[in-house]
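So the structure is just underneath, and the comments pick up after that.
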Amino acid sequence: MGLAQRQFAGDALKVSQGKVKLLDTKFLDWLRDVETCSAEASWRREAREDYQFYAGKQDTAEVVALLQEQRRPTSVHNEIKPKVDMLCGIVGQTKWDVDAIPVGVEDEPLAELITGTMQHFRRKLKIQKVESDCFMHMVQSGRSYQYFWVTNENPFNPTIRTKRLQGSDVFVDPDSVEYDLSDARYVFIQKWLTEDEVKRFWPNIPTDQIRGGSGAAVDGLSFFDEAQEKFRFIECWYKKYVKKIWFVNPLTGKEEALTRKEFAQFSRELEAGINVQGQTVQVPQPEGYETWVEEIHYVIFTDTIEIEGGPSPYKKLKRFPIVLYGAYLDVDENRWFGVVNQMKDPQRSVNTMRRQLLHLLQTLPKGLLVHESGSILNIEEYEERSSDPTFHLELRPGGIDKYKFEQQPQISPIYAQFDAICQQGMKDTSGIQNELMGVQTTSREPGVSVRARQETGIAVLFIIFENFRHSRLLGAEILLGLVQQYVSEPTVIRINGEQGRQLMEINSQVNPQVEGWNDITAAEFDLVLDETVHTATMRRAIAQILSDFGHNNPGAIPPDLVLEYSDIPYTAKTRVRQSYEQQLAASQEAAAVEQKAKEFEMQYKAKELTLKEREVVVKEEEVEIKKAEAGIKAADVEVKREVAKSRQTTGKGEKK
């Protein structure tokens, strides 16, 4: 019992002048109704016998005594246990991981964060083992339960816990028909404690009063076991309807529900104004709508004494913190039954036929002794020691012709035929055929046909495996609610590592209205929980796919991702990571050197280009100079030519 096992639970006991708080009689009436209903009594009777059949205790004491009196074999040929073990083996070989599936793109970082956190707590709490245990008991007896609670041994660090509850320790509303118990009005969980345990938890409990009973108030109910000297304590989870006012909180923009008193107090605080950075800001009053709201409450009691009670401390849960694991439902009686229940009659027939066959094999070889009365003197010794090789018959004088052994008839093959019919009946009723058990029936049948029959055999077991899946998802929803309420943001980041911090930052950017992990409510509306089946074969297949993709696209897949799906030792993974990191650092260093060389080369080429450009400019300037010099020379020649002409003209004039 989660709440009943808290170390400080004794402080909750209301003690006033030696008087304890009396329990509301409706809880005793509910408990009496569920204990006395025919479906519950029938389940307990059948479940006890189902467990015995699985354990090989398949005969009553009267049947064993009768067989021994008739000197017949009392052997048990248990054909039930290997079939049940096969179903449990199928579950044990498969690993389920809970995944949070985002509905929109904005939910992707939150979904990945929740998935990592949920998988961590599933490993930490060994939920896979608890679920397998629940499956084993639901197969045998028809029903089992998984219970979640939070320990407060350290009030600053509440711890989430879960365990399997025996089906006989839980009493559910007999009118409930929904698999998820959503229509159940109440659920009782019982626990038997010694007097020392009672005094340690609740020192003020009047154990003497419980021993003596409280008369008519608990008529038909037992709270003390005289044989074991233990006291019975009950933890009851029940639904209660409370009037509340629904409104949209103007401060957060979220829908909330408060009682009239709480809503009035909230309205007064809004009317007084909200202090924001030293300034009083007036907030408009919200409009409220009063309706009946279903709430989960609990109470812990024994006899007529209420120890503790009140609203459920699990604010994120809208259901009981308990999950039903049911195999098959008898709708007429509203009673769960398991695989063993339908195999009991064929198993009894197998035991009867094989015992009879064994008896015949033991008695027929001797033959049937026929003799005249009084002809054998040690007839009583013959009945006891006739199978002893040293035994001899003692006859009266003249009695040698007075006896003989008649040959008994051959054993009829009908025994073997009927035995085969009974075995096949057990396979048909349980859905566990030879192919599922790994029994080879022929050596010439193609493997495709064998696999097809195996898949068909699994399909026959659809109901039990689908119920098992539904129960696991219900447990995941409860675990998520407890994680949201009791796991802090630093813990979530520590669980998910640096990636968790990045996801938290991304979620804050994508969903700015969400502040921190404990305020996340998107999971209630925008996320869907589902399961992924992880097996060693699937992991190896994923690793091979990643390796092939990385081979065809070098550098696209980091080795860490491939190692995550590789089932190799941690030390080998560490060495591979270290080698990869060294190679990555060396390649990065080489790339940096190469980059610098390229930069130097580009700078050199740029300078070389600049020099060439300058040389071109100089050459162009030289050409211009030469052109200018050529022009000057031409002009000088022209001047000289003109001067010469002028002189010639002047000389001719003087001669005239």
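The values are calculated or read from the model by the stated rules, or taken from the named source; none is laboratory data. Just so we're clear, the structure is a prediction, and the values are computed from it rather than from any experiment. Every residue, glycine among them, receives a Cβ derived from its backbone with ideal geometry; neighbour counts consider all protein chains shown. SASA here: full protein model, heavy atoms, side chains in, ligands and nucleic acids out. Shrake-Rupley method; radii C 1.70, N 1.55, O 1.52, S 1.80 Å.
Annotations
- Heavy-atom accessible area ranking, 1.4 Å probe, most first, across MET353, MET602: MET602, MET353
- Largest-first ordering by accessible area, 1.4 Å probe, given options GLU642, GLU295, GLU197: GLU642, GLU197, GLU295
- Ligands, DNA and RNA left out, the accessible area of the stretch 38-128 computed with a 1.4 Å probe is 53% carbon and sulfur.
- Surface per residue (accessible, 1.4 Å probe) for the stretch 137-282, Å²: 52 Å²
- Contact order for the stretch 188-300, expressed relative to its length and based on alpha carbon pairs under 8 Å spaced 6+ residues apart, stands at 29 percent.
- Rounded to the nearest 10 square angstrom, VAL276 shows an accessible area of 70 square angstrom against a 1.4 Å probe.
- The stretch 591-630 - Debye-derived log10 I(q)/I(0), Cα point model, q = 0.24, 0.26, 0.34 Å⁻¹: -0.74, -0.78, -0.95
- Volume per residue that the Cα convex hull of the stretch 60-199 spans, once the total is divided by residue count, Å³: 234 Å³
- Residues whose amide H lies under 5 Å from that of GLU290, counting only those 5 or more places away or on a different chain, are TRP246; hydrogens are built 1.01 Å from N in the peptide plane.
- Centre-to-centre, using Cα atoms only, the stretch 291-357 and the stretch 584-637 are separated by 92 Å.
- For TYR325, the residues 5 or more places off, or on other chains, whose built amide H falls under 5 Å of its own are SER144, TYR145, GLN146.
- Cα-based shape type of the stretch 124-169, given that a ≥ b ≥ c are square roots of the gyration tensor eigenvalues and the cut on a/c is 1.5: oblate
- Taken one residue at a time, the phi angles of the stretch 291-300 give Karplus couplings (6.51, -1.76, 1.60, θ = phi - 60°) of 9, 7, 10, 7, 10, 9, 10, 9, 8, 10 Hz. Gly and Pro are set to x.
- Each residue of the stretch 629-634 is assigned a 3J(HN,Hα), and the resulting list reads 4, 4, x, 5, 4, 4 Hz, derived from the Karplus form 6.51 cos²θ - 1.76 cosθ + 1.60 (θ = phi - 60°), x at Gly and Pro.
- Rounded to the nearest 10 square angstrom, ILE322 shows an accessible area of 0 square angstrom against a 1.4 Å probe.
- By a 1.4 Å probe calculation restricted to protein chains, TRP30 has an accessible surface near 50 Å², given to the nearest 10.
- Ranked by the mean number of other Cβ atoms within 10 Å of their residues, highest first, the peptides 142-148, 52-58, 181-187, 90-96 fall in the order 142-148, 181-187, 52-58, 90-96.
- Pair-distance distribution of the stretch 262-356: all C-alpha pairs, bin width 5 Å, starting at 0; shares per bin in whole percent are 2, 8, 8, 8, 9, 10, 11, 8, 6, 6, 6, 5, 3, 2, 2, 2, 2, 1, 0, 0.
- Placing TRP246, TRP43 in order of accessible area, with the largest value first and a 1.4 Å probe, yields TRP246, TRP43.
- Computed with a 1.4 Å probe over protein heavy atoms only, the accessible surface of the stretch 32-113 comes to 53 Å² per residue.
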